[in-house]
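Taken together, the values in this text are just the output of simple stated rules run on the coordinates, not laboratory data. As the structure is a prediction and not an experimental result, all values here were calculated from the model. Reconstructed Cβ throughout: ideal geometry from the backbone, glycine too, with neighbour counts over all protein chains shown.
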Amino acid sequence: MKSKLAVLISGNGSNLQAIIDAVAAGSLDARIAVVVSNRKAAYGLERARRAHVPDRYFPLKPYRDAQRSRAEYDAELAALVNGYTPDWVVLAGWMHILSEAFLGRFPNRVVNLHPALPGQFPGAHAIDDALAAFARGEVEQTGVMVHLVPDARVDEGPVLAEQAVPIRAGDTHETLAERIHAVEHRLLVETLQKLVG
Ligand code: GRF
């Protein structure tokens with residue numbers, strides 16, 4: 001039986017696309033059981049539909065509007081994902097921090113992708129933070145990491161793979177992001193293949 005992946009996204013989904021393409025090409029021996037997005041406009045949902053992968057939209061806002069807790073959202077998200085019985089949950093640009101209410105359902109089975117090296121630039125602005133540190137002369141490189149998510153600490157946990165990405169004079173957010181994404185697409189797929197292989 002092929003390993004089943006649940007892929008959680010919030011946006012463009014270029015890393016989801018890399019997974020879809022690797023599965024189609026046979027270089028990733030897995031199947032995508034479901035793609036979940038917290039944003040309706042996430043282009044990744046369109047990518048899932050085109051690839052005939054089940055997709056679910058699961059926003060936080062109705063929970064907030066009904067004064068329901070974040071733990072309730074996380075628990076019901078976990079139940080939704082668990083319904084697809086994934087072997088691995090892949091956070092590929094998922095922009096919410098997951099609490100124990102979610103992570104406790106998938107111990108050592110949640111994998112996150114982050115556009116910086118371990119301990120370097122945690123959080124949602126890693127690429128801009130790297131550019132700012134470069135401008136101050138503090139770093140010459142940033143990178144990409146794939147890691148397990150054991151708890152709600154942001155962008156921390158056992159590192160499965162990492163690769164440095166150079167920053168060049170004259171880089172803009174766009175040029176650096178493009179260089180980082182190219183590395184992400186390969187590193188994420190290679191790491192998932194190691195996990196499922
Ligand atoms: C990636 O840079 C990932 O590392 C970060 O969010 C971005 C998602 O990009 N967590 P995409 O939606 O896969 O194109």
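With the structure loaded, tell me whether R47 is more than 12 Å from the ligand (Cβ to nearest atom) and assigned to a helix (DSSP H, G or I) or whether it fails that test. Give the steps one after another, and end with the answer.
Numbers: more than 12 Å from the ligand (Cβ to nearest atom): no; assigned to a helix (DSSP H, G or I): yes.
Spelling it out, it is not the case that R47 is more than 12 Å from the ligand (Cβ to nearest atom) and assigned to a helix (DSSP H, G or I).
Name the pairs: first residue in segment 146-162 and surrounded by fewer than 17 Cβ atoms within 10 Å (Cβ to Cβ), second residue among the acidic types (D, E) and part of a loop (DSSP other than H, G, I, E, B), Cβ to Cβ under 9 Å, at least 6 apart or on different chains?
Final answer for the pair search is P150/E156.
So how many residues does segment 104-117 have that are closer than 15 Å to G143 by Cβ and more than 11 Å from the ligand (Cβ to nearest atom)? Walk me through how you get there before you give the answer.
So the first thing to find is which residues in segment 104-117 are closer than 15 Å to G143 by Cβ, and the list is 112-117.
In the following step, the residues that additionally are more than 11 Å from the ligand (Cβ to nearest atom) were identified as 117.
Residues in segment 104-117 being closer than 15 Å to G143 by Cβ and more than 11 Å from the ligand (Cβ to nearest atom): 1 in total.
What do you reckon, is V144 out of contact with any helix residue (DSSP H, G or I) (no Cβ under 6 Å at 6 or more places or on another chain) and either within 29 Å of L28 (Cα to Cα) or part of a helix (DSSP H, G or I) (or both)?
So V144 fails the test.
Listed here are the residues, each with its yes/no results for (1) of a type in the set (G, A, S); (2) surrounded by 17 or more Cβ atoms within 10 Å (Cβ to Cβ); (3) within 13 Å of the ligand (Cβ to nearest atom).
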position	(1), (2), (3)
L80	no, no, no
W94	no, yes, yes
F102	no, yes, no
G119	yes, no, no
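Of everything in segment 163-197 that's among the acidic types (D, E) and over 27 Å from L98 (Cα atoms), which residue is surrounded by the most Cβ atoms within 10 Å (Cβ to Cβ)? If you could, list the steps in order and put the result at the bottom.
Looking only at segment 163-197, we keep the residues that are among the acidic types (D, E), and these are 171, 174, 178, 184, 190.
Filter once more, so that each one left must be over 27 Å from L98 (Cα atoms): 171, 174.
On the way: D171: 19, E174: 9.
The residue in question is D171.
Among the residues of segment 121-132, write down those that are touching a His at 6+ places or on another chain (Cβ under 8 Å) and within 13 Å of the ligand (Cβ to nearest atom).
As a first pass, look at segment 121-132 and keep what is touching a His at 6+ places or on another chain (Cβ under 8 Å): 122, 126-128, 131.
Of everything in segment 121-132, those that are touching a His at 6+ places or on another chain (Cβ under 8 Å) and within 13 Å of the ligand (Cβ to nearest atom) turn out to be P122, A126, I127, D128.
For segment 20-44, which residues satisfy the criterion of being within 12 Å of the ligand (Cβ to nearest atom), in a helix (DSSP H, G or I) and out of contact with any strand residue (DSSP E or B) (no Cβ under 6 Å at 6 or more places or on another chain)?
Scanning segment 20-44 gives I20, Y43.
Against the definition (under 28 Å from S14 (Cβ atoms), in contact with a strand residue (DSSP E or B) (Cβ under 8 Å, 6 or more places away or on another chain) and free of Cβ contacts under 8 Å to residues at least 12 places away in the same chain), how does R56 come out, yes or no?
On the way: under 28 Å from S14 (Cβ atoms): yes; in contact with a strand residue (DSSP E or B) (Cβ under 8 Å, 6 or more places away or on another chain): yes; free of Cβ contacts under 8 Å to residues at least 12 places away in the same chain: no.
No, not satisfied.
Conditions tested, residue by residue: (1) of a type in the set (A, V, I, L, M, F, W, C); (2) assigned to a loop (DSSP other than H, G, I, E, B); (3) touching a Phe, Trp or Tyr at 6+ places or on another chain (Cβ under 9 Å).
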site: L117; (1), (2), (3): yes, yes, no
site: A133; (1), (2), (3): yes, no, yes
site: P150; (1), (2), (3): no, yes, no
site: G157; (1), (2), (3): no, yes, no
site: R186; (1), (2), (3): no, no, no
site: E190; (1), (2), (3): no, no, no
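If I ask for residues that are out of contact with any strand residue (DSSP E or B) (no Cβ under 6 Å at 6 or more places or on another chain), without any contact (Cβ under 8 Å) to a residue 40 or more places away in the chain and within 20 Å of T191 (Cα to Cα), which ones from segment 99-119 would you list?
Answer for segment 99-119, where residues must be out of contact with any strand residue (DSSP E or B) (no Cβ under 6 Å at 6 or more places or on another chain), without any contact (Cβ under 8 Å) to a residue 40 or more places away in the chain and within 20 Å of T191 (Cα to Cα): just G119.
Just give me the residues in segment 1-17 being hydrophobic (A, V, I, L, M, F, W, C) and near the ligand (Cβ under 8 Å from one of its atoms), in sequence order. Step through it out loud before you land on a result.
Taking segment 1-17 as the starting set, the residues that turn out to be hydrophobic (A, V, I, L, M, F, W, C) are 1, 5-9, 16.
Matches in segment 1-17: I9, L16.
Consider F102 against the criteria (1) aromatic (F, W, Y); (2) more than 29 Å from S27 (Cα to Cα); (3) under 14 Å from the mean Cα position of the chain (by Cα): it satisfies all of them except one. Which criterion is unmet?
(3)
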